[in-house]
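The values are calculated or read from the model by the stated rules, or taken from the named source; none is laboratory data. None of the values given here were measured: they were computed from a predicted structure. Heads up, the Cβs are rebuilt from the backbone with ideal geometry, glycines too, and the neighbour counts pull from every protein chain shown.
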Amino acid sequence: MDDIYYKEREATRYDLEYRWKTDDIPFWQGLTQEYAGREGVALELACGTLRVTYPVAESGVRVHGLDHSPWMLTEAQKRLAKAPASIRERVTLHQGDMRAFDLVQQFDIVYLPFNTLLIMRTTEDQLALFDSVRRHLKPGGVFAFDLFVPDLTRIANQARPAVWANEQDEALSEGGVRVQRDSLTRYDTLRQRILVKFRHREYVNGVFQHEFISDLQLTYIFPRELEHLIARAGFEIVDYWGDYNRTDFWSMQEPWKQILVVRPKEQLQ
Ligand SMILES: C[S@@+](CC[C@H](N)C(=O)[O-])C[C@H]1O[C@@H](n2cnc3c(N)ncnc32)[C@H](O)[C@@H]1O
């Protein structure tokens, strides 16, 4: 469990800290409806506290969620416990590592939101993930994920001293609690790693209570590299979009997202 970033401290604050992140929700609802509909079934990898899974279920799709972190899954279970029966019936949760899992079931769509493919930092881990996904796809099924486009300006600036940047500062409606999250980002350009320190500070009625720091490591992936990874994993690109409105990636001047739908190559023969 040592390699799990999302432990209890991160998990219990996740929903508050990521309340701002809603721009991708209609996209994942639309895509899962398209591939799974009301008859089929979807699988969200690294589902966390159900930020995306829940609204997908609300839109009528039956969805399974898999996550490595028992703490994130505990938060997910708490949320489901308060949900209407119609939502609870549509959501099934599993604990597992997305590099190696076996749910003894296949899905119409497997999806991995919010840059989380980038947690797979080595080529071996990335290929293991694609292999696990392939075993869980029904014939005709697809794998979808989104990644940010690496920012060359930020990478080039990494020689300068890193500074804390405010990421999020939000008041909680109940109890006057405010959580502030700052980040300090460094790039290891040789290993193609992003090393982020998150500083979480909590205030109650304006009075500072405590802080803690957590470290997250990601990789970053360029478009050409992604094409090679997908081909090497034995998949083929169905769609490559640059935003959540499904704009073709290659038609955009400065896309900031890489959003892909891929499927195992053998299906195309
Ligand atoms: C950025 S959060 C995303 C959660 C959720 N999908 C969302 O969009 O809010 C990343 C999630 O990946 C999970 N995770 C990290 N490594 C994993 C692995 N090897 N297998 C499964 N889940 C993993 C973490 O526990 C965490 O819940």
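Observations on the model:
- Restricting the first member to region 100-126 and to residues that are closer than 17 Å to Leu229 by Cβ, and the second to residues that are of a type outside the set (A, V, I, L, M) and in a loop (DSSP other than H, G, I, E, B), the beta-carbon pairs closer than 6 Å and six or more apart or on different chains are Val110/His136; Asp125/Arg99.
- The number of residues in region 221-269 being assigned to a strand (DSSP E or B) and in contact with a Pro (Cβ under 7 Å, 6 or more places away or on another chain) comes to 2.
- Among the residues of region 91-118, those identified as touching a His at 6+ places or on another chain (Cβ under 9 Å) and surrounded by 20 or more Cβ atoms within 10 Å (Cβ to Cβ) are Val91, Met98, Phe107, Val110.
- Residue match in region 151-168 (condition: surrounded by 14 or more Cβ atoms within 10 Å (Cβ to Cβ), modelled with pLDDT under 85, more than 29 Å from Glu225 (Cα to Cα) and outside the structural domain of Ile25 (by TED's automatic domain parsing)): yes
- Top-ranked residue in region 134-150 [being crowded, with 20+ Cβ neighbours inside 10 Å and within 15 Å of the chain's Cα centre (by Cα); ranked as farthest from Thr185 (Cα to Cα)]: Phe143
- If you go through region 251-269 and keep only what is in contact with a strand residue (DSSP E or B) (Cβ under 7 Å, 6 or more places away or on another chain) and not charged (D, E, K, R), you end up with Trp256, Gln258, Ile259, Leu260, Val261, Val262, Pro264, Gln267, Leu268.
- Within the set Gly40, Gly30, the sole residue that is closer than 27 Å to Val104 by Cα, small (Gly, Ala, Ser) and surrounded by 15 or more Cβ atoms within 10 Å (Cβ to Cβ) turns out to be Gly40.
- Residue within region 115-123 that is away from the ligand (no atom under 11 Å from the Cβ) and closer than 26 Å to Lys138 by Cα present: yes
- For region 194-240, a tally of residues being among the β-branched types (Val, Ile, Thr) and more than 24 Å from Thr153 (Cβ to Cβ) returns 6.
- Scoring Val63 on the criteria (1) of a type in the set (A, V, I, L, M, F, W, C); (2) in a strand (DSSP E or B); (3) within 9 Å of the ligand (Cβ to nearest atom) leaves a single failure, condition (3).
- Taking the numbered list (1) within 11 Å of the ligand (Cβ to nearest atom); (2) at pLDDT below 95 in turn, Val56 passes all entries but (2).
- Screening region 66-82 for residues that are away from the ligand (no atom under 13 Å from the Cβ) and basic (Lys, Arg) and picking the one that is surrounded by the fewest Cβ atoms within 10 Å (Cβ to Cβ) gives Lys82.
- Looking across Val142, Val91, one residue alone is under 25 Å from Glu34 (Cβ atoms), more than 9 Å from the ligand (Cβ to nearest atom) and in contact with a Ser or Thr (Cβ under 8 Å, 6 or more places away or on another chain). It is Val91.
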